[in-house]
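**Q** I have a structure I would like to understand better, so I am pasting it below and will then ask my questions one at a time.
The values are calculated or read from the model by the stated rules, or taken from the named source; none is laboratory data. Note that the coordinates shown come from a computational prediction; the quantities given were computed from them, not determined experimentally. Cβ atoms come from the backbone with ideal geometry, glycine included; neighbour counts cover every protein chain shown. Just the protein is used for accessible areas: all its heavy atoms, side chains included, with ligands, DNA and RNA removed. Shrake-Rupley method; radii C 1.70, N 1.55, O 1.52, S 1.80 Å.
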There are 4 protein chains.
Amino acid sequence: MLNVAIVGASGYTGLELIRILYRHPEVAVTCLTSEQSAGKPISEVFPTLRERCDLLLENLEPVRVAEKADIIFTALPHKAAMEVVPTFLKLGKRVIDLSADYRLSDPAVYGAWYEPHLNPALLKKAVYGLPEVRRAKVRGAKLVANPGCYPTSIILGLAPLLKKGLIDPDSIIADSASGVSGAGRSAKVDSLYCEVNDGFKAYGVGGVHRHTPEIEQELSLLAGKELKITFTPHLVPMDRGILSTIYATPKKATTTEKLVTLYREFYDGEPFVRVLPQGSLPSTAFVRGSNFCDIAPLVDERTGRVVVFSAIDNLVKGASGQAVQNMNIVCGFPETMGLEGPGFFP
Amino acid sequence: MLNVAIVGASGYTGLELIRILYRHPEVAVTCLTSEQSAGKPISEVFPTLRERCDLLLENLEPVRVAEKADIIFTALPHKAAMEVVPTFLKLGKRVIDLSADYRLSDPAVYGAWYEPHLNPALLKKAVYGLPEVRRAKVRGAKLVANPGCYPTSIILGLAPLLKKGLIDPDSIIADSASGVSGAGRSAKVDSLYCEVNDGFKAYGVGGVHRHTPEIEQELSLLAGKELKITFTPHLVPMDRGILSTIYATPKKATTTEKLVTLYREFYDGEPFVRVLPQGSLPSTAFVRGSNFCDIAPLVDERTGRVVVFSAIDNLVKGASGQAVQNMNIVCGFPETMGLEGPGFFP
Amino acid sequence: MLNVAIVGASGYTGLELIRILYRHPEVAVTCLTSEQSAGKPISEVFPTLRERCDLLLENLEPVRVAEKADIIFTALPHKAAMEVVPTFLKLGKRVIDLSADYRLSDPAVYGAWYEPHLNPALLKKAVYGLPEVRRAKVRGAKLVANPGCYPTSIILGLAPLLKKGLIDPDSIIADSASGVSGAGRSAKVDSLYCEVNDGFKAYGVGGVHRHTPEIEQELSLLAGKELKITFTPHLVPMDRGILSTIYATPKKATTTEKLVTLYREFYDGEPFVRVLPQGSLPSTAFVRGSNFCDIAPLVDERTGRVVVFSAIDNLVKGASGQAVQNMNIVCGFPETMGLEGPGFFP
Amino acid sequence: MLNVAIVGASGYTGLELIRILYRHPEVAVTCLTSEQSAGKPISEVFPTLRERCDLLLENLEPVRVAEKADIIFTALPHKAAMEVVPTFLKLGKRVIDLSADYRLSDPAVYGAWYEPHLNPALLKKAVYGLPEVRRAKVRGAKLVANPGCYPTSIILGLAPLLKKGLIDPDSIIADSASGVSGAGRSAKVDSLYCEVNDGFKAYGVGGVHRHTPEIEQELSLLAGKELKITFTPHLVPMDRGILSTIYATPKKATTTEKLVTLYREFYDGEPFVRVLPQGSLPSTAFVRGSNFCDIAPLVDERTGRVVVFSAIDNLVKGASGQAVQNMNIVCGFPETMGLEGPGFFP
């Protein structure tokens, strides 16, 4: 039985970690921190947890946290994460970081999109935790940089095409849409019910969304060359889910049938990627609450373009579920442990 | 390992049974029926189940179903249930019936609210499966009549008061609100997204809703005398959940503090009833996906009235979760088996 | 052409006033104030207004506002309203106040529920602006206290019964449910999309909601005696709308048919009250965007209780629409001017 | 005062026509038809209309309809429209057809996407009613083919770029998302609340959606050459609204500033197109209930691609509002008559 701490537990990804780990037979959650709600039981912040997890939230004192846990999930905003992660590592703890702080391998890129990195040397040691692409490296990792939600959906959607060199790497457009939980649990007018409900809009467009360099870093590695994409996130009036609709130009004409076969082979044996049968399309509703990424590639025969649809639950495969998947790999547990259930519908 | 059949699997309660039983370590789902979708895999009807449950849906042939299962959940409309349940029983199977067909002990009452009963003798043998009120009888039952969703929320909300004789039994008003999944999965204009979204209304008012006699039967038993209630169901634009706000006149003046103590004692040890701390109120959001019933009683000190709030997930404690709870009791499994998880939020 | 100012224009009721007055042929909106967004055009705060109303928001300087307007709507929080209203009145302006500051005629009651009143003498001069009940007094008013949203739905729902002395005044229970816009546009975790969506709960229960004394004041006047009610507000995941389900005990047995006739007679000629035909029930969806109050009374024949359903759009008949109706009366315009349109569905 | 008939009035576009025309000072709605609900008042089908429009729905007998109306809106499914429109024309009536039946000028194209056309000669006489592009022709039209919802958003989004020859016509990708009212009011499992809520998905992808040829016909005319696009519609859990996110490759490098200037010039004087200031993005929430199309073009500087956002209310500018705009042009009324109001938010 491993002891687990969740640092930054009073946000939605913290709650989702608790929900998932509750079912995990090999770990016990022993420490939760929250700056805002320290002293309260987590079940007062999230009454859904009453009689399931009534741990008291603590202030974030890294040494005390490390004393209580073998493995630590950091579910903090960027910058806050890199202020404490080095301490955890020094104390011999393994860390799964859900923030953006260790996802970019180049400190200059991090600096350009965020701010100067506090511990740039760590960036080389961190492993980008997308198991379907980098499972072997995750295995031995001390520090796993858990991927962003949009990047997960887009990288999984494109990996087979880029790895096989089938599309023009400069032709990629990723048009994504996310549920509102992606904006977190802080009080903002833009996230109020009446502002979001019954509306649909884009935001962070034109190459300014901070997930852009992360997506490009990983797609470039897959393609074996530097590439840039056009990425357009949208906001959907729903709690959870990301659907990415990805467009690219194939190097030579292909068919939907061939693509489905390619994807099925590429993801053969992957426990959390479902390549849908030809003719089916993913919906965020059908991955809600599960760690699945549902993918459907197709060819628009009239224009020759390739279109790939990729759906995840942003809080599960896009955050906390993938973090548990990474923990399982790091700790040598079966990769699906705690993540076996089907989704939650309706 | 017990084999389980779900008759009428292509509705929302059927799906929820599959979702819950997937986690249950002592049973295997071996047979699913659906008149509309026979021949298709259930995962084509509910893609959320892909790679989790891909069983083929079958036509409902009772003998064949019975061959495949030790215990049978009937998730059929009323009347359809009583057409097949006797066969299952004759073949020695235990049945958890989620329809209304065996909930009313008096055939005349069933006849008045539905239609003439096809096997009235069975009504006496069926056990009304609300474990918090009738656990001992459920234990030996061959046929469990799984309670309706509104009745579950209202009976659990009132049981302590009626059992202790603290309220005037003729003063009860139950004002309830349900999510849309309670209307089932059949194509009706009234359940269309645009008809339901952004609206709130009552329906089935004035004593005509068919859950009325079921509620009154059980409350009368608790009170030790015949009583009638005013019951007003409402429809909320949400997928799941029932909140009942119940009003009654106490026989003598009391306080919120006393009521909370009473409820805590009454439900002491109950694994699925959470009596909230004074000052907290239940929300359907916090029971979503769990088998909990969250209850908060209080006294309106200005008028002396008692008000009780009672929240459940209509598909879980209001249907499939309670059905699994009943199965656990009937089969001698730990009562919480498969139902341990916290709820699903957000 | 009258000039109109809206003080506190950057909230939802401010926006709704602009939307309604845009169609009003006899007034022009000439001044908008907002502390938070002064200096910006209102259409930057609410882009729906672009090219329809691009007025700059100003700081609230009462004398300057009064210079620009003949009539002033104050859409401020309580207390903020009573800090400026006396100035407007002194400067000879008529005021429609949408806050709670002038709704309670007794300063002691105001003090008990809010805080000490700053200008208690004004309370006697203010007219409670529910035209269906007090049209004659509104006519000559200098200061109209525009009713609260819950009170509007409940008072209109009960007026015929109380006025005619048909129910026991101590038997009243008002169970109400409101859309989220009722909570205003300030950034609060409780009003975030993910906190509200797919959930239903009560709040402010047990006689603590500040609309309680307002409701009781008006119902007592109608009944001709002091009465107290049990009032339970709920929150519905929708933008707009209030439905009140009101229970009472009739003094002697009656029928739904008689009640419908009574209500039709009582509200005969009222332009904004629709008494539904027997068998129909109101939905907030069908009053959305309109100034209607839809009412259906009935008798629960099994218990003899009277149940009245009353639906309004909380931002229209529950706030800004009623404010315009009051303005029309005060100014001698046709009462329906600017409010003629049907509702907005779906 | 012109008399107006709405054929197919019991759907959402029929209702929206009534809502808009109610405010129109120069027309009176005198005849409504509905096959399903003939004999009932329209206000029984849509209670929002009570006391605003209580006309009885009639069976569709073309000669009788024509007797009652000067101008006829046909809000029927495709095929049903072309079965009656010739009769109306023969009887000297002007027709605004909201179906797809007269939008495609080439009968062969209609035949390929729908079925053989019943009156192909009429296709040449019909005018595609997108006023911003074809106002002059609409003026004298006897038969206006009112554009589809997706086409309206996409054509208006691209017209300036294509007309000026600034983009590669073969590079166009239109990624659109629609509210659920676009699916109409017929009872289908796919449109049930619980199937749609909290989910996001694509449908009709890969070039099979029937709006594709309509979009391509109009874009080709603007470009002066045949072009094909990739068009991907999505379904959003909301009542109303379409947002199109459109991608294209510019022929030579440009800037957002230049594009905004171009669009402002192109749409200068257009009463229903709002080109947003640089840095603002449209939301369907801000056009809801209005006839506006909000547009924001930009350049993704990292890839050089042009991205255009275009938002409409699918029931207004995407259907009934545009139909009234066309009627105004046809009849010589001010083009904005009845369509002046700002949108409906929240």
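**Q** Would you check if there is a residue in segment C:121-135 being in contact (Cβ under 8 Å) with a residue 60 or more places away in the chain and among the hydrophobic types (A, V, I, L, M, F, W, C)?
**A** Yes, segment C:121-135 contains a residue that is in contact (Cβ under 8 Å) with a residue 60 or more places away in the chain and among the hydrophobic types (A, V, I, L, M, F, W, C).
**Q** Of the conditions (1) open to solvent by 10 Å² or more (accessible area, probe 1.4 Å); (2) modelled with pLDDT of 95 or more, residue D:71 fails just one. Which one is it?
**A** (1)
**Q** What about residue B:165, is it in contact (Cβ under 8 Å) with a residue 12 or more places away in the chain and either surrounded by fewer than 24 Cβ atoms within 10 Å (Cβ to Cβ) or not hydrophobic (A, V, I, L, M, F, W, C) (or both)?
**A** Spelling it out, residue B:165 is indeed in contact (Cβ under 8 Å) with a residue 12 or more places away in the chain and either surrounded by fewer than 24 Cβ atoms within 10 Å (Cβ to Cβ) or not hydrophobic (A, V, I, L, M, F, W, C) (or both).
**Q** For segment D:43-62, which residues satisfy the criterion of being closer than 22 Å to residue D:95 by Cα and out of contact with any Ser or Thr (no Cβ under 7 Å at 6 or more places or on another chain)?
**A** D:55, D:56, D:61
**Q** While we're here: So which of C:196, C:144 is β-branched (Val, Ile, Thr), closer than 23 Å to residue C:325 by Cβ and surrounded by 24 or more Cβ atoms within 10 Å (Cβ to Cβ)?
**A** Step by step, each of C:196, C:144 is checked, and only C:144 is β-branched (Val, Ile, Thr), closer than 23 Å to residue C:325 by Cβ and surrounded by 24 or more Cβ atoms within 10 Å (Cβ to Cβ).
**Q** Another question, then. Conditions first: (1) open to solvent by 10 Å² or more (accessible area, probe 1.4 Å); (2) closer than 25 Å to residue B:215 by Cα; (3) among the charged types (D, E, K, R). Residue B:50 passes all but one, so which condition is the exception?
**A** (2)
**Q** Within segment D:93-140, how many residues turn out to be more than 20 Å from the chain's Cα centre (by Cα), more than 21 Å from residue D:14 (Cβ to Cβ) and in a loop (DSSP other than H, G, I, E, B)?
**A** 5
**Q** Something else now. In the set D:196, D:109, which member is closer than 30 Å to residue B:48 by Cα and within 14 Å of chain A (Cβ to nearest Cβ)?
**A** After ruling out the rest, the residue left standing is D:196.
**Q** Still on this model: Among what's in segment B:213-243 and is open to solvent by 10 Å² or more (accessible area, probe 1.4 Å) and of a type in the set (A, V, I, L, M, F, W, C), pick the residue that is nearest to the other protein chains (Cβ to nearest Cβ).
**A** Only one residue fits best here, namely B:235.
**Q** Also, I was wondering about something else. Which number in (1) crowded, with 24+ Cβ neighbours inside 10 Å; (2) facing another protein chain (nearest Cβ under 7 Å); (3) assigned to a loop (DSSP other than H, G, I, E, B); (4) not hydrophobic (A, V, I, L, M, F, W, C) marks the one condition that residue D:175 misses?
**A** Condition not satisfied by residue D:175: (3).
**Q** Same structure again: Checking the condition closer than 27 Å to residue B:185 by Cβ, open to solvent by 10 Å² or more (accessible area, probe 1.4 Å) and in contact (Cβ under 8 Å) with a residue 12 or more places away in the chain, which residue from B:277, B:282, B:346, B:342 passes?
**A** Every option except B:342 fails the conditions.
**Q** If you don't mind, there's one more thing I want to ask. Output the residues belonging to segment D:70-92 that are more than 19 Å from residue D:138 (Cα to Cα) and assigned to a strand (DSSP E or B).
**A** Matches in segment D:70-92: none.
**Q** Continuing with the same structure: Taking residue D:76 and the conditions (1) more than 14 Å from chain C (Cβ to nearest Cβ); (2) open to solvent by less than 20 Å² (accessible area, probe 1.4 Å), which numbered condition does it fall short on, given that it satisfies the others?
**A** Checking residue D:76 against (1) more than 14 Å from chain C (Cβ to nearest Cβ); (2) open to solvent by less than 20 Å² (accessible area, probe 1.4 Å), the one that fails is (2).
**Q** Another question, if that's okay. Residue B:107 is checked against (1) touching a residue at least 24 places away in the same chain (Cβ under 8 Å); (2) farther than 19 Å from residue B:18 by Cβ; (3) not small (Gly, Ala, Ser) and fails just one. What number does that condition carry?
**A** Among (1) touching a residue at least 24 places away in the same chain (Cβ under 8 Å); (2) farther than 19 Å from residue B:18 by Cβ; (3) not small (Gly, Ala, Ser), the lone unmet condition for residue B:107 is (1).
**Q** Further question: Just the residues that are polar (S, T, N, Q) and outside any strand (DSSP E or B), please, taken from segment C:228-257.
**A** If the condition is that a residue be polar (S, T, N, Q) and outside any strand (DSSP E or B), then C:249, C:254, C:255, C:256 are the ones that fit.
**Q** Between a residue in segment B:301-329 that is within 13 Å of chain C (Cβ to nearest Cβ) and aromatic (Phe, Trp, Tyr) and any residue that is open to solvent by 10 Å² or more (accessible area, probe 1.4 Å) and part of a loop (DSSP other than H, G, I, E, B), which pairs come within a Cβ distance under 7 Å, given they are 6 or more apart or on different chains?
**A** Cβ pairs passing all conditions: B:309/B:281.
**Q** If you don't mind, another one. Does segment A:92-108 hold any residues that are of a type outside the set (Asp, Glu), more than 23 Å from residue A:183 (Cα to Cα) and surrounded by 14 or more Cβ atoms within 10 Å (Cβ to Cβ), and which are they?
**A** Once the filter is applied, which keeps residues that are of a type outside the set (Asp, Glu), more than 23 Å from residue A:183 (Cα to Cα) and surrounded by 14 or more Cβ atoms within 10 Å (Cβ to Cβ), segment A:92-108 yields A:93, A:94, A:95, A:105, A:107.
**Q** Here is a follow-up. Taking residue A:259 and the conditions (1) open to solvent by less than 10 Å² (accessible area, probe 1.4 Å); (2) of a type outside the set (Val, Ile, Thr); (3) over 18 Å from residue A:319 (Cα atoms); (4) at the interface with chain D (Cβ under 9 Å from one of its Cβ atoms), which numbered condition does it fall short on, given that it satisfies the others?
**A** (4)
**Q** Here are some residues: C:185, C:210. Which one is over 19 Å from residue C:295 (Cα atoms), at the interface with another protein chain (Cβ under 9 Å from one of its Cβ atoms) and assigned to a loop (DSSP other than H, G, I, E, B)?
**A** From the options C:185, C:210, the qualifying one is C:185.
**Q** Can we say residue D:259 is assigned by TED's automatic domain parsing to the domain that holds residue D:201 and closer than 26 Å to residue D:96 by Cα?
**A** For residue D:259, the condition - assigned by TED's automatic domain parsing to the domain that holds residue D:201 and closer than 26 Å to residue D:96 by Cα - is not met.
**Q** So if I check each of B:269, B:289, which one is surrounded by fewer than 18 Cβ atoms within 10 Å (Cβ to Cβ) and either in contact with a Cys (Cβ under 7 Å, 6 or more places away or on another chain) or more than 9 Å from chain C (Cβ to nearest Cβ) (or both)?
**A** B:269
**Q** Within segment B:33-47, track down each residue that is within 14 Å of chain A (Cβ to nearest Cβ) and open to solvent by less than 40 Å² (accessible area, probe 1.4 Å).
**A** B:41, B:42, B:43, B:45, B:46, B:47
Results for (1) in the same structural domain as residue D:17 (by TED's automatic domain parsing); (2) in contact with a helix residue (DSSP H, G or I) (Cβ under 6 Å, 6 or more places away or on another chain); (3) assigned to a strand (DSSP E or B); (4) within 25 Å of residue D:168 (Cβ to Cβ), shown as yes or no for each residue.
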{"site": "D:269", "(1), (2), (3), (4)": "no, no, no, no"}
{"site": "D:281", "(1), (2), (3), (4)": "no, no, no, yes"}
{"site": "D:288", "(1), (2), (3), (4)": "no, no, no, no"}
{"site": "D:296", "(1), (2), (3), (4)": "no, no, yes, yes"}
{"site": "D:299", "(1), (2), (3), (4)": "no, yes, yes, yes"}
{"site": "D:306", "(1), (2), (3), (4)": "no, no, yes, yes"}
{"site": "D:311", "(1), (2), (3), (4)": "no, yes, yes, yes"}
{"site": "D:328", "(1), (2), (3), (4)": "no, no, no, no"}
{"site": "D:340", "(1), (2), (3), (4)": "no, no, no, no"}
